[in-house]
Amino acid sequence: MLDLHNYRYWGSARSQDDWPKDGLVEVGVVGRSNVGKSSLINMLLGSKKAARTSSNPGKTRSLNFYLIDNKFYLVDFPGYGYAKVSKSERVEWKKAIEQYLTGSRYLKKVLLLVDARHEPFKTDVEMKQWFDEFNIPVLVVATKSDKLSKNKLARIWSKNLGSFSLNKLQQICFFSSINGEGKSRVIKEIEEVLG
């Protein structure tokens, strides 16, 4: 049984030289700035401090690796979207992410976080398409689901399934760091990757 509370922050990386080299499976956490990546990571790991949350988007500026139960790495990606950072820093981020996605042999799953309250942004759809091109399995995780009723969530996301090349609402994982919705589903998906 996987013990997600048994974790340690392994380190951050901006280039291939800095990645872990022990061959363990890696699961990425990807999403726009301020979509709730840190909240999801903290809930999974049972800590309020594992990943820092901030009202200032763009806090994560490199790939951050968390070693979980000595079995796999959870990889926190820099948020994409409206982060207030310099153009040169954005170029640096893009380069680090592209290098990782094209070069890592151990990235076996991506949790693509989107905001459940809104239709997906163009960048969300582009990220999903990119992972599909690289044959990296993706679980679309719609965060902040506690903010809307089940009926409203179903209405918003039923009409947006095609954007993500999905055909059933069940393929979206609705997630809330407030009430715990979706947590067991995310854990199950990670466990399946570990075999």
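Laid out as a table, the results:
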item	result
Cβ-based exposure ranking for Ile97, Ile156, in which fewest neighbours within 10 Å come first	Ile156, Ile97
Placed amide H near Ala51: partners under 5 Å, 5+ positions off or other chain	Asn42
Per-residue ³J(HN,Hα) for the range 40-48, Karplus 6.51 cos²θ - 1.76 cosθ + 1.60, θ = phi - 60°, Hz, x for Gly and Pro	5, 4, 4, 5, 4, 8, x, 9, 8
Inter-label distance, nm, simple model (7 Å from Cα along the C-beta direction), Ile178/Lys159	2.4
With at most 15 other Cβ atoms within 10 Å, longest stretch of the chain clear of loop trypsin sites (Lys or Arg not before Pro) (DSSP)	118-158
Listed residues Tyr100, Tyr66, Tyr80, most fluctuating in the chain (Gaussian network, C-alpha, under 10 Å)	Tyr100
Lys87 paired with Ile187, simple spin-label distance in nm, labels 7 Å along Cα-to-beta-carbon	4.7
Residue among Leu161, Leu74, Leu44 with the largest mean-square fluctuation in a Gaussian network model of the chain, springs linking Cα atoms under 10 Å	Leu161
The range 86-126 shape via C-alpha gyration tensor axes, a/c threshold 1.5	oblate
Whole-number percent relative contact order across the chain, with pairs defined as alpha carbons under 8 Å at least 6 apart	22
Prolate/oblate/rounded label for the range 90-187 (Cα gyration tensor, a/c 1.5)	prolate
Max mean-square fluctuation residue, GNM over the chain, Cα-Cα springs under 10 Å, options Glu26, Glu126, Glu89	Glu89
Positive-end extreme of charge dipole, the chain - chosen from Leu4, Trp130, Gln170 (charges on Cβ)	Gln170
Linear extension gain, Leu148 paired with Glu126, 0.36 nm per residue minus alpha-carbon span	5.4 nm
Footprinting exposure proxy for Trp19, Trp130, Trp93 (fewest neighbouring C-beta atoms within 10 Å first)	Trp130, Trp19, Trp93
CD proxy at 222 nm, helix term only [per DSSP H run n ≥ 4: -39500 (n - 2.57); per residue of the chain; nearest 500]	-9500 deg cm²/dmol
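Bear in mind these aren't lab numbers, they're just calculated from the coordinates by the rules spelled out. This is a predicted model, so every value here is computed, not measured. For neighbour counting, all protein chains shown are included, and Cβ atoms are generated from backbone atoms with ideal geometry for every residue, glycine included.
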